[in-house]
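Structure first, commentary second.
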Amino acid sequence: MSSPPKRKRKTGRASQRSAASTPSRKTVHLVKLAVGIRDVEHLATLQRQRRAAMRKAGKRPLSRHFTRNRPRRADEIVAGGSIYWVIRGAIRVRQRILAIKPGVNAEGASRAEIQLHSALVRVAPRPLRAFQGWRYLEAVDAPPDLVDLGGDLAEMPAKMAEELRVLGLL
């Protein structure tokens, strides 16, 4: 008795095209310079003040950031991404991105509104040179959260941790 004929596996362009056109829901993050921000506490204070002003004006208190252009990879960003803030030459903290919507900034100009979770999560500092706009950051390249590194790093003062890192002790 003969066995049924084996199916040939597709290996041509058609199979590559169908695999490539299948959307993948991988997470991508944004990296953005926090211009004029001295440290993580300063960023937290400014955002808290902005939310309080929104609440006082009768608006929903959101942490948000406006940018001129909508990120092309917005679907990947909103699917679990964060904005990693560069403060004084290093990525130091991240905020979860909740939504990216069309919006209008304080001057009335049309912008993309990036809505952020209010919690700031400190990450292992990573030096990064200045740049304009934002940069995409693949999830595998993102610095780990300090709380995930264990030990007392999360409670250590940022200045002390930075000095120990420069000395190669962290």
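The values are calculated or read from the model by the stated rules, or taken from the named source; none is laboratory data. This is a predicted model, so every value here is computed, not measured. Here Cβ is always computed from backbone atoms with ideal geometry, including for glycine, and neighbour counts include all displayed protein chains. Note: accessible area is taken over every heavy atom of the protein model, side chains too, but ligands, DNA and RNA are not part of it. Shrake-Rupley method; radii C 1.70, N 1.55, O 1.52, S 1.80 Å.
Scan the stretch 95-107 residue by residue and report those that are open to solvent by less than 50 Å² (accessible area, probe 1.4 Å) and not in a strand (DSSP E or B). Talk me through it step by step, then tell me what you get.
Step one: list which residues in the stretch 95-107 are open to solvent by less than 50 Å² (accessible area, probe 1.4 Å), which gives 95, 97, 99-100, 103, 105.
Answer for the stretch 95-107, where residues must be open to solvent by less than 50 Å² (accessible area, probe 1.4 Å) and not in a strand (DSSP E or B): just N105.
Any idea how many residues of the stretch 31-72 are among the small types (G, A, S) and over 27 Å from A142 (Cα atoms)?
Kept after step one, since they are among the small types (G, A, S), are these residues of the stretch 31-72: 34, 36, 44, 52-53, 57-58, 63.
Next, from what is left, pick out any that are over 27 Å from A142 (Cα atoms): 52-53, 57-58.
Residues that pass the stated criteria total 4.
Can you tell me which residue is nearest to I87 (Cα to Cα) among those in the stretch 34-47 that are touching a residue at least 60 places away in the same chain (Cβ under 8 Å) and not acidic (D, E)? So that I can check it myself, show each step before the final result.
Looking only at the stretch 34-47, we keep the residues that are touching a residue at least 60 places away in the same chain (Cβ under 8 Å), and these are 39-40, 43-44, 47.
Add one more test, that the residue is not acidic (D, E), and what stays is 40, 43-44, 47.
Details: V40: 8, L43: 9, A44: 12, Q47: 15 Å.
Among those that are touching a residue at least 60 places away in the same chain (Cβ under 8 Å) and not acidic (D, E), it is V40.
Filter the stretch 76-89 down to the residues that are open to solvent by less than 50 Å² (accessible area, probe 1.4 Å) and on the phi > 0 side of the Ramachandran plot and list them by number. Before the answer, list the steps.
So the first thing to find is which residues in the stretch 76-89 are open to solvent by less than 50 Å² (accessible area, probe 1.4 Å), and the list is 76-77, 79-87, 89.
Once the filter is applied, which keeps residues that are open to solvent by less than 50 Å² (accessible area, probe 1.4 Å) and on the phi > 0 side of the Ramachandran plot, the stretch 76-89 yields G80, G89.
Keeping to the stretch 132-149, report how many residues are out of contact with any Lys or Arg (no Cβ under 9 Å at 6 or more places or on another chain) and either open to solvent by 90 Å² or more (accessible area, probe 1.4 Å) or not in a strand (DSSP E or B) (or both). Working first, answer last.
Within the stretch 132-149, the first condition is being out of contact with any Lys or Arg (no Cβ under 9 Å at 6 or more places or on another chain), and the residues that meet it are 132, 137, 140-141, 144, 148-149.
Now drop any that are not either open to solvent by 90 Å² or more (accessible area, probe 1.4 Å) or not in a strand (DSSP E or B) (or both), which leaves 132, 140-141, 144, 148-149.
The qualifying residues number 6.
Only one of these is open to solvent by 10 Å² or more (accessible area, probe 1.4 Å), of a type in the set (K, R) and within 14 Å of T27 (Cα to Cα): R92, R73. Name it. Steps first, please.
Working: R92 fails: within 14 Å of T27 (Cα to Cα).
Step by step, each of R92, R73 is checked, and only R73 is open to solvent by 10 Å² or more (accessible area, probe 1.4 Å), of a type in the set (K, R) and within 14 Å of T27 (Cα to Cα).
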